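Accompanying notes for the structure given below.
The values are calculated or read from the model by the stated rules, or taken from the named source; none is laboratory data. Everything numeric in this text was worked out from a predicted model, so none of it was measured. Because the Cβ atoms are built from the backbone with ideal geometry, glycine has one as well, and the counts that use them run over all protein chains shown. Ligands, DNA and RNA are stripped out before the accessible areas are found, and what is left, the full protein with its side chains, is counted by its heavy atoms. Shrake-Rupley method; radii C 1.70, N 1.55, O 1.52, S 1.80 Å.
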Amino acid sequence: MSVAGPFPGRSAGPDVPVMDRDEADRALARLGAEHEAIETSLLALQDHAGRRLLEGADLTGVTKERWASADRAITLLWGYFDAYTAALGRARTVRARRRYPNRDDLVALTELLRGQGVTVASAATGPDPSASGPARLAERFTLEELVARMNELYARSLDMVVASDAVWSALPARIDLLAAELHRTRSLAHSVGVRPGEHPAGDDLEAITHELTVLRTQVVSDPLAFWRPGPGSSAPGGGRPDTERYDRAARALEDVRREIEAVLAVRQDAEQRLVQLRDVLSRADRTLAEARTARGEVLAKIAASEVPAVSGPPTALQERLAAASEYRRRAQWHRLSPLLETLEREAEEELLRARESLTAVTAPLAVRAELRGRLDAYRAKVARHGLAEDPLLIERYDAARRMLWSAPCDLRVAGHAVLRYQETAAELLSPRPGPEDRR
């Protein structure tokens, strides 16, 4: 709710000549307009929603102190306004005596309109102790000084009322909406087993609940503690509500909500993920079993070869997989969620290690197979060129074949035998020089 701005004021020196009739009439018209503006502003302030809330609230802190001062200022404003109204009424009475005022009337009007003709009792102005004596019983003002004093009090009171109302309008409703969201999130968290003391998200929800309760209480009782005046702004109500604590609680709740949604997603696809985990671990187990079998074959068929050892089945992962299945059976989704993520990563790593182990174990067999394939490929090549019956080739082929097809096979010696066969075949297949070349 808005109210009128500061009262209009005038500037004039205390020692001025006696006004003539036109000056007096213009001054009275201006003062009448000022009186209406002042009255409108005061009534708007009196009806301001923020002022009514301040009157009925149980205030604390800085708001309590500033409202006590503002409440006294508003009382003073009405006292000043009554004095202003009375002075204006006396001036109008003097002017109404005759159509053309005489000298005495103009002197009286000048004193009322420009002199210190307004007396305000101490009951309205409050105590004003002096350094040399007791408090004065009354104060005298010119109408200018009285308007300036009312301007000051009005601006200070309006600033306090508008700031409090702005905080009350902005924060409590937002806190209530966030509290409703918090209640829904807590219900959802409870349904998936996220509780305080059992899951970090449950502890976070408790902390957010406490923070919102305390924050709302403080906002309602001390709104000015959450008001940040605007830099360089002198207008009443210039500034904004401080929402830092609210924003921090909202971000924390959003983080918890995402975590709860992740737990819910685990509940929806837990069985499928467990089946996939079992399949990955089963493939890793079979790969390791194949590697162990291949290792025995390599040790039996390949001589002078270092074959790496093969680890046993991933029993630790199997035990944790069984624990994950138990969590699912008991609907402990908050425990299952992080365990599934860890198991999925470690199961893939275990399958990769099993495949690497199989590759490392079967490397000698792969080398023997490559040598056998190379030997047969060169034999087919020399046969196409009609050299299959060459005695030297037959001898070296038979030597290499005996080494590669006997157990245990010495890969180093067999490799040299295949190389000798290749070199012999290459020599026989190379073009021979003709008669001219010999000459």
Quiz item: Tell me, what HN-Hα J-couplings in whole Hz come from the Karplus equation 6.51 cos²θ - 1.76 cosθ + 1.60 at θ = phi - 60° for each residue of segment 50-58, using x for Gly and Pro?
Solution: x, 5, 5, 5, 5, 5, x, 8, 8
Quiz prompt | Accessible area expressed per residue, segment 183-334, with surrounding protein chains retained (probe 1.4 Å, Å²) | solution = 55
Self-check item: Cut-off of 10 Å, at most 12 other beta carbons, DSSP loop: longest stretch of the chain lacking such GluC sites (Glu not before Pro)
Solution: 1-305
Practice problem: Calculate the tail of P(r) for segment 159-216: the fraction of all Cα-Cα distances greater than 20 Å, expressed in %. | Solution: 38
Quiz item: Considering segment 296-337, what Rg and Dmax in Å follow from its alpha-carbon atoms?
Solution: 19.6, 56
Quiz prompt | Residue-span extension gain [residue 111 to residue 21] - 0.36 nm each, minus C-alpha spacing | solution = 31.0 nm
Quiz item: Roughly how big is the chain's charge dipole about its Cα centre, with Cβ charges of +1 (Lys, Arg) and -1 (Asp, Glu), in debye to the nearest 20?
Solution: 1080
Quiz item: Between segment 308-355 and segment 195-214, what's the alpha-carbon centroid distance in Å?
Solution: 30
Quiz item: Between residue 344 and residue 370, 0.36 nm times their residue separation minus their Cα-Cα distance comes to what?
Solution: 5.7 nm
Practice problem: Rounded to the nearest 10 degrees, what's the angle between the helix 333-361 long axis and the longest principal axis of the chain, both from Cα atoms, 0 to 90? | Solution: 30
Quiz item: Among 81, 63, 109, whose Cα lies farthest out toward the positive end of the dipole of segment 52-113, if unit charges sit on the beta carbon of Lys, Arg (+1) and Asp, Glu (-1)?
Solution: 109
Quiz item: Using r as the Cβ-Cβ distance of residue 276 and residue 359, and R0 as 25 Å, what FRET efficiency do you calculate, to the nearest 0.05?
Solution: 0.55
Quiz prompt | Nonlocal amide H pairs with residue 239, under 5 Å, H built at 1.01 Å | solution = 230
Practice problem: Treat each spin label as a single point 7 Å out from the Cα along the C-beta direction, and report the residue 426 to residue 289 distance in nm. | Solution: 4.6
Practice problem: Mind pulling the per residue volume of the convex hull built on the Cα atoms of segment 226-349? Å³ is fine. | Solution: 161
Quiz item: Over segment 301-439, what lengths in whole Å, largest first, do the semi-axes of the equivalent ellipsoid take, defined as the square roots of 5 times the eigenvalues of the alpha-carbon gyration tensor?
Solution: 58, 16, 10
Practice problem: Sticking with the crude label model, points 7 Å out along Cα→Cβ, report the distance from residue 180 to residue 407 in nm, one decimal please. | Solution: 7.9
Quiz item: Given 20 °C and 1.002 mPa s, how large is the Stokes-Einstein diffusion coefficient of segment 355-426 in µm²/s, with Rh as the Kirkwood radius over Cα pairs?
Solution: 168
Quiz prompt | Distance-filtered residues of segment 336-362 - backbone nitrogen under 17 Å, label point 7 angstrom along residue 207 Cα→Cβ | solution = none
Quiz prompt | Calculated P(r) of the chain - Cα pairs past 33 Å, % | solution = 69
Quiz item: Dipole magnitude of segment 332-412 about its Cα centre, charges +1 at Lys/Arg Cβ and -1 at Asp/Glu Cβ only, in debye to the nearest 20?
Solution: 440
Exercise. Would you please name the trypsin sites (Lys or Arg not before Pro) within segment 300-349 that are DSSP coil residues with at most 15 other C-beta atoms within 10 Å of their C-beta?
Key: 330
Quiz item: Which value results when the Cα radius of gyration for segment 252-308 is divided by 2.2 N^0.38 Å?
Solution: 2.14
Quiz item: How big is segment 202-282 on each of its three principal axes, counting only the C-alpha atoms and giving the largest first in Å?
Solution: 75, 25, 16
Quiz item: Taking 0.36 nm per residue of separation and subtracting the Cα-Cα distance, what length does fully extending residue 268 through residue 214 add?
Solution: 15.8 nm
Self-check item: Cα coordinate range in segment 150-294, projected on the principal axes (Å, largest first)
Solution: 101, 31, 21
